[in-house]
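Okay, so here's the structure we're looking at.
The values are calculated or read from the model by the stated rules, or taken from the named source; none is laboratory data. Since the model is a prediction, treat every value here as computed from it, not as a measurement. Glycine also receives a Cβ, built like all others from the backbone with ideal geometry; neighbour counts cover every protein chain displayed. Protein only, heavy atoms only, side chains kept; ligands, DNA and RNA dropped before computing areas. Shrake-Rupley method; radii C 1.70, N 1.55, O 1.52, S 1.80 Å.
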Amino acid sequence: MKPLRRLIESRFWVLTVKEIGQILRNKQLIFLLVFPPTVQLLIFGLALNPDVQNLKLGVVDYSNTPMSRELVSALTANGVFQVDRAPPNEQILGEQVRRGEVTTGLVIPPTFNRDLKSDHSAEVQVLIDAVDANTAGIASGYAAQIINQFSQKLAPQSSAAIETQATILYNPGLVSSWFIVPGVLGLVLNLGSSLVSTATVVREKDTGTLEQLLMTPAAAWEIILAKVVPLFVLLLGEVMLAVTVATLVFHVPFRGNFFLFMGFSGLYICVGIGIGFLLATISRSQQQAILTSFFINLPLIQLSGAIAPIESMPRFFQILSLFNPLRHYVKIARSLLLKGSGLDVLYPEALALTAFAIALLAISTYKFRTQLS
Amino acid sequence: MIQKTVASSAIPEARDPSLASLDDVIRVVGLHKHYDRVAAVRGVDFAVKRGEVFGLIGPDGAGKTTTFHILGGVMEATTGDVKVLGQPPRDARLMIGYLTQQFSLYLDLSIDENLRYVSGLRQVPDRQFSERREKYLRLMNLENFGDRLAGELSGGMKQKLALCCALISQPQVLLLDEPTTGVDPVSRREFWDVLAALASEEGVTIVVATPYLDEAERCNRIGLMYDGQIQQIGTPAELRNSLGLYRLEVHTLQLQAAEQVLTEASESGSIADVQTFGDRLDVLVNDPQIGEAEVRELFQQHHLQAATIDLAEPTLENVFVTRLRQQGSAPQSLAFPRSRGGNRDVTKNSSSDFAIYSHNLNRNFGSFQAVKNVNVEVRYGEIFGLLGANGAGKTTTIKMLCGLLPESSGDISLGGERGNLRSSELRRRIGYMSQKFTLYDDLTILQNLEFYSGIYGVPRRLRREKIDWVIATCGLEGRETLITGQLPGGWKQRVAFGASVMHEPDILFLDEPTSGVDPLARRQFWKLINDFARNGTAILVTTHYLEEAEQCNRMSFMVAGEIVTEGSPSQIKASQPGQLIEVITDQTQAASNLLKQQMESWRVSIFADRLHVVVDDPDRDIPNLRSRLDAANLTVHSLRPIPFSLEDAFIGVVQRSAHATPKEPQPS
């Protein structure tokens, strides 16, 4: 009981009680911690889908034989392409692609059936609208793959090359939301923790109570820690909420240890709060803090691999991203949720996060003391 | 609509005829305003005529600000009829200028940009804008600062600029809610001279609230407001006469003892009230002869030095205080629950050791030198006043002395500590109340007090007692769970003061603790401050109420970052050059305008219903003065030499220094 009594008598406790009082009075803050993260998870998880489906296909089939129709139906079988129209000639088809009415055009020459029968290689022409380079790449890949399979089926013996048998691990259905959602979880946590902690410090500065606080015997670390603790608890709640949405709505598997995951999330909350405090101590007003936080948070998110894979970035940025704490957290979240990895695998990321948290909180504590001058 | 406004302000006679016949620019009948369950205004009736200056005075929380909100069309009345220029306030708002305690300026825009913005918003045509801009800036003495940022102006200049902004659309009605709170005496005088000119020369109707009762004397009529109702309306003279009391000015060197003796006697006999005003006591009596005899007798009985007693009319402040006491709303003076038995041992054995000390203290902000070679020495048990106009560098000095702001050069010692002013041990012995915002607006009063008592390490078993003391002293029993942000400004100051002394500090910094606080509560404040000093606390205080400053043991006057005069109040007053003449005429404002045409304007100032004039050679100048006033057909009731008050000394010192070196406002 004695340590408990000591705690309740301490300045730290008094400061914490004050912070909790202010948070409870601030309905907006609690709303902001619950509503936007849920919406963000849902929007990103549902809308951010790299798969390509229902591409409009224009077909000019000069051959018009069962074989050519079979090719067309092979292309449309898995829903990637959908026959939208069948223009009479390739000039019109080209025009339609140019106007963006169809994304892909397929021209089957009149000799198609004859060539195949006479063991010649047959040629088909594929036109792809590459304004959206990503979609175009995927469409062209699909088209090539499907046409390849089609020709192999026709002449299996002629091109008996290496056949790949890929086994897809951890995400056998290749559900893209399983990749996105843990990333967005990191994004949401980063925004939540840094914005909320900036707000609590800058508000004291804006209203002038900070000066009074600095005149009290409370040490800078006590003031900072008292601000961290209630936010920490709140943000852990936010993590649980986000995990619930991820598992219930998106059926993301939770293969790792729950407590380990919460521990890592706690670590990242400290990092986020540290970023927020640092921002608050270098800003003069609420407005300045918010603008600066955009400048910091957006690159953090872009370079974290939360939305776009790190492997697709130029080499320089891949290295740069190692200095991004969010990258490490996103990696942890994905491995832990999808693969069930433990500390034995994730310790480099854990060490990195610990280092970030200590450095950021130490710098902001130091800055906090000297910020009035 | 806009066209109409411009036309009507150009030819005031051409306004709505029904209004002209009524002659009342503002009419309020049966006004009520409720917030949830709380009734802020409970049946207010008054009318204000064109060109009249109408003052609303009353204690904090009387409902003045609510009344202003409704008059300005910012808020709807719960019930009652409010007409401004014959229209509901909301429809008349283009013809209303509104000014609050908070600076309603864009601090990152220059003076010109602020004015242009407001005039654009109010659609003032360009030609008229430049005309008015020039006129009003000259009136406020701001014409040379057009491109200075509003954020770099001193408090007094900001309020004058805010008034300019309110005037740029030439409103017919000005609503001013405590516009001079926190503004220094010199700027306050200039501000009121402008108001007087606007009302008399341009027929602007002005409704103003003020906690300074010497300002209220300059209103044409006054409504004394208390507890959501107007208790009394009349001219200042009518209000003073209605009291039926006479005022004896008792000058004595043993103020404190005399006050105690007379206060005890006031419970019986003919003495109705006793108040300390700087270096004198005001004793209100039912009958002047009997009263004077009684005072003299009491002085003899208690072996006090014989006093000089002058008979005078009661002041508005006397009216205010007496009426409120009759209402039973005077704040209680409760003894502070001490748990440490004061700091007496410190006083005894370390007389050579200063509680607060600085030597050649300097602070630069860029190329601007805010504080120049300031020396401060405050002993334990001493009240030290740091006085100066807005922007003189007082707050910067205080911030350096208590370690919030590093000094550019110089030595500081605080509570015997030289190097580290930021140690937790030291700060536990220090109390600090900054100009504003010391409480958390989003917490309840109780939560705030619990927080401050806890953080200063007041032992848990004593906390309850001290918190109860603060709440009782502030008269907030039963309202502890109110959100602090909802308290009126003056009340917040009281709670903030309580919060800063709960831990019985050895050293107390008070930066304008009484600004915006009503006269009764201010008196209570100073009782407490004196009580802490007697128990060995070193107190450094700033204030814009110079009569309060008389209670300091020693003081320094700062002008433009430098200390120009220091000493005890009587030393400072005695060192003033020239002679002070008090002039009472039937038209104070007119007399002031006349004399200012012929003398440097700082030599003439209006004190309530009289003029104070500083002359260099009394033998030559007094007859001169009289003949000038006579020549202008002004009836002189009285013209006599009087001793300098601290406020006269302040104005003289500040103005003489300011004329020697051009005054630089301090960026905040």
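Just the number, please: percent antiparallel of the DSSP beta bridges in chain A, rounded to the nearest 5. Intermediate results must be reported in sequence, preceding the final value.
Working: 4 of 13 bridges.
The antiparallel proportion sits near 30 percent.
Taking a ≥ b ≥ c as the square roots of the eigenvalues of the Cα gyration tensor of the stretch B:577-643, is the shape rounded (a/c under 1.5), prolate (a/b larger than b/c) or oblate? Can you show the working numbers first?
Details: a/c = 1.35, a/b = 1.27, b/c = 1.07.
Here the stretch B:577-643 falls in the rounded category.
For residue B:409 and residue B:377, what is the calculated FRET efficiency with R₀ set at 25 Å and r taken between the beta-carbons, to the nearest 0.05? Each step should come with its number before you reach the end.
Details: r = 18 Å, r/R0 = 0.73.
According to the calculation, E is roughly 0.85.
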Task: For the stretch A:174-370: span of alpha carbons on each principal axis (Å, largest first) - done: 57, 35, 30
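Other chains near B:400-407: what is the mean number of their Cβ atoms within 10 Å of each residue's Cβ?
Working: counts 1, 0, 3, 3, 7, 3, 3, 1.
So the per-residue partner count for this stretch is 3.
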Task: Residues residue A:370 and residue B:481, FRET efficiency given R0 of 41 Å [Cβ-Cβ distance, rounded to 0.05] - done: 0.65
TODO: Among DSSP beta bridges lying fully in chain B, give the percent that are antiparallel, nearest 5.
DONE: 70
Open item on the list: Give me the one-decimal nm value for the distance between modelled label points at residue B:599 and residue B:530, 7 Å along each residue's Cα-to-Cβ direction.
Closed with: 3.3
Task: ³J(HN,Hα) computed for each position of the stretch A:209-217 - Karplus, 6.51 cos²θ - 1.76 cosθ + 1.60, integer Hz, glycine/proline x - done: 6, 4, 4, 4, 4, 5, 7, 7, x
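Counting only helical runs of four or more DSSP H residues, what would the 222 nm mean residue ellipticity of chain B come to if each run contributes -39,500 (n - 2.57) and the total is spread over all its residues? Let's see the in-between values first.
Working: 24 runs with 250 residues, N = 668.
Computed ellipticity for chain B at 222 nm equals -11000 deg cm²/dmol.
Evaluate E = 1/(1 + (r/R0)^6) for residue A:43 and residue B:78, where r is the Cβ-Cβ distance and R0 equals 51 Å; express this FRET efficiency to the nearest 0.05.
Values: r = 45 Å, r/R0 = 0.88.
Plugging the Cβ-Cβ distance into 1/(1 + (r/R0)^6) gives 0.70.
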- [ ] Multiply the residue separation of residue B:141 and residue B:417 by 0.36 nm, subtract the distance between their alpha-carbon atoms, and state the gained length in nm to one decimal.
- [x] 94.9 nm
Task: Loop-located trypsin sites (Lys or Arg not before Pro) in the stretch B:208-303 whose Cβ has at most 12 other Cβ within 10 Å (DSSP) - done: none
Open item on the list: If you average the alpha carbon positions of the stretch A:278-325 and of the stretch B:158-174, how far apart do those two centres end up, in angstrom?
Closed with: 47
TODO: Leaving ligands, DNA and RNA out of it, work out the accessible area of residue A:370 with a 1.4 Å probe and give it in Å² to the nearest 10.
DONE: 60
Open item on the list: Would you work out the Kirkwood radius for the stretch B:245-313? I mean one over the mean of 1/r across all pairs of different Cα atoms, in Å.
Closed with: 11.4
Open item on the list: Classify the stretch A:37-99 from the C-alpha gyration tensor, please: rounded if a/c falls under 1.5, else prolate or oblate depending on whether a/b exceeds b/c.
Closed with: oblate
- [ ] Please average, across the residues of A:216-223, the number of beta carbons from any other chain that are within 10 Å of each residue's own beta carbon, and give a whole number.
- [x] 5
Open item on the list: What would the Debye equation give as log₁₀ I(q)/I(0) for the stretch A:82-153 at q = 0.15, 0.23, 0.28 Å⁻¹, counting only Cα atoms as equal point scatterers?
Closed with: -0.57, -1.10, -1.28
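Would you mind computing Rg(Cα) / (2.2 N^0.38 Å) for chain B, counting N as its residues?
Values: Rg = 25.2 Å, N = 668, 2.2 N^0.38 = 26.1 Å.
Normalised by 2.2 N^0.38 Å, the Cα Rg of chain B equals 0.97.
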TODO: Any aspartates and glutamates with Cα under 16 Å of the residue A:367 Cα? List them, leaving off those in the same chain fewer than 8 positions away.
DONE: A:204, A:211, A:222
Open item on the list: Going through the cross-link list A:205/B:372; A:27/A:339; A:153/A:331; A:27/B:83, which pairs have a Cα-Cα distance over 29 Å in this structure?
Closed with: A:27/A:339; A:153/A:331; A:27/B:83
TODO: Just tell me which lysines come within less than 23 Å, Cα to Cα, of residue A:2; anything on the same chain fewer than 8 places away is out.
DONE: A:18
TODO: Add +1 for every Lys or Arg and -1 for every Asp or Glu among the other residues with Cβ under 15 Å from the Cβ of residue A:289, and state the total.
DONE: +3
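Once the piece of chain linking residue A:257 and residue A:152 is laid out straight, how much longer is it, given 0.36 nm per residue of separation minus the C-alpha distance between them? Don't skip to the answer; put the middle values down first.
On the way: separation 105, 0.36 × 105 = 37.80 nm, distance 4.61 nm.
Extra length from residue A:257 to residue A:152 when fully extended: 33.2 nm.
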Task: Residues in the stretch B:557-578 that a label on residue B:616 would reach, taking backbone N under 16 Å of a point 7 Å out along Cα→Cβ - done: B:576-578
- [ ] Provide a whole-number value for the mean count of partner chain Cβ atoms within 10 Å of the Cβ atoms in peptide B:452-461.
- [x] 5
Task: Anchor residue B:160: lysines whose Cα lies under 21 Å away (excluding residues fewer than 8 positions away in-chain) - done: B:135, B:394, B:436, B:596, B:663
Task: chain B, accessible area per residue, ligands and nucleic acids excluded (1.4 Å, Å²) - done: 40
- [ ] From zero up to wherever the largest Cα-Cα distance of chain A sits, split into 20 Å bins and tell me the percent of pairs in each.
- [x] 23, 40, 24, 11, 2
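What is the antiparallel percent of DSSP beta bridges lying wholly in the protein assembly as shown, to the nearest 5? Don't jump to the answer; show the numbers that get you there.
Values: 76 of 119 bridges.
Bridges in the protein assembly as shown that DSSP calls antiparallel: roughly 65 percent.
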Task: From the C-alpha gyration tensor of the protein assembly as shown, square roots of 5λ in Å - done: 74, 37, 25
